[in-house]
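Q: Submitted below is the structure of interest, expressed as structure tokens.
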Amino acid sequence: MKTKTEKQKLPKWFKGAHYSEGGEITNKFSGASYYLNASELSMYDFIMGSQYMIEMRGGLFNPSTINLQKEMSKGLSWFRKNNGKAYMVLLD
């Protein structure tokens, strides 16, 4: 089992920023916090950035956001697989 400080390998398709350090993230709705390692934080920021871009481009029903939605979905799957507890606290 991976520990929260062990670095997971980011997938080949990932084109986001690769952070060298982790950090604590707080869910803006629940106020709950969770420490993410560098890879998890990189993916978290990718997911949140994708969500923001989808919203700015007209939302889930705009066909121009399909590729962003697919990338975000892959990011969510990666996150859920690599740190299910943090996923439940921060992204569910």
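Q: Can you count the Lys pairs in the chain with C-alpha separation below 21 Å, eight or more apart or on different chains?
A: 24
Q: Continuing with this model, one more query. Under a point-charge model restricted to the Cβ atoms of Lys and Arg (+1) and Asp and Glu (-1), what is the dipole moment magnitude of the range 23-90 relative to its Cα centre, in debye to the nearest 20?
A: 220 debye
Q: Under the definition of Cα pairs under 8 Å and six or more residues apart, what whole-number percent is the relative contact order of the chain?
A: 29 percent
Q: Can you list the residues, at least 5 places off or on another chain, whose amide H is less than 5 Å from the amide H of Gln8, using H built in the peptide plane?
A: It is Ser39, Glu40, by chain and number.
Q: Please give the helix 38-56 orientation as an angle from the longest Cα principal axis of the chain, in degrees from 0 to 90, rounded to the nearest 10.
A: 20 degrees
Q: Applying the Karplus parametrisation 6.51 cos²θ - 1.76 cosθ + 1.60 with θ = phi - 60° to the phi angles of the range 22-28, what ³J(HN,Hα) value in whole Hz is obtained for each residue in order, glycine and proline being reported as x?
A: Values per residue, Gly and Pro as x: x, x, 8, 10, 10, 5, 5 Hz.
Q: Could you go through the range 84-92 in sequence order and give the Karplus-derived ³J(HN,Hα) for each residue, using 6.51 cos²θ - 1.76 cosθ + 1.60 with θ = phi - 60°, rounded to whole Hz, and x for Gly and Pro?
A: Here the 3J(HN,Hα) series is x, 5, 5, 4, 5, 6, 9, 10, 7 Hz.
Q: Ok, one more. Ordered by residue, what ³J(HN,Hα) values in Hz, to whole numbers, does the range 58-73 give under the Karplus form 6.51 cos²θ - 1.76 cosθ + 1.60, where θ = phi - 60° and Gly and Pro are x?
A: x, x, 5, 8, 8, x, 6, 9, 4, 5, 4, 5, 5, 5, 5, 4
Q: Sequence-distant or interchain residues sharing an amide H contact under 5 Å with Leu36, placed H: which?
A: The list, which skips near neighbours in sequence, is Gly23, Glu24, Ile25.
Q: To one decimal place, what orientation-averaged projected area in nm² is obtained for the convex hull of the Cα set of the range 23-90?
A: Orientation-averaged projected area of the Cα hull: 4.5 nm².
Q: Taking the Cα centre of the chain as the origin and placing charges on Cβ (Lys, Arg +1; Asp, Glu -1), which of Ser77, Phe46, Asn62 is farthest toward the positive end of the dipole?
A: Ser77
Values in this text are rule-based calculations from the coordinates and carry no lab data. In this text, all values refer to a predicted model and were calculated from it rather than measured experimentally. Note that we place each Cβ from the backbone using ideal geometry, even for glycine, and neighbour counts take in every protein chain shown.
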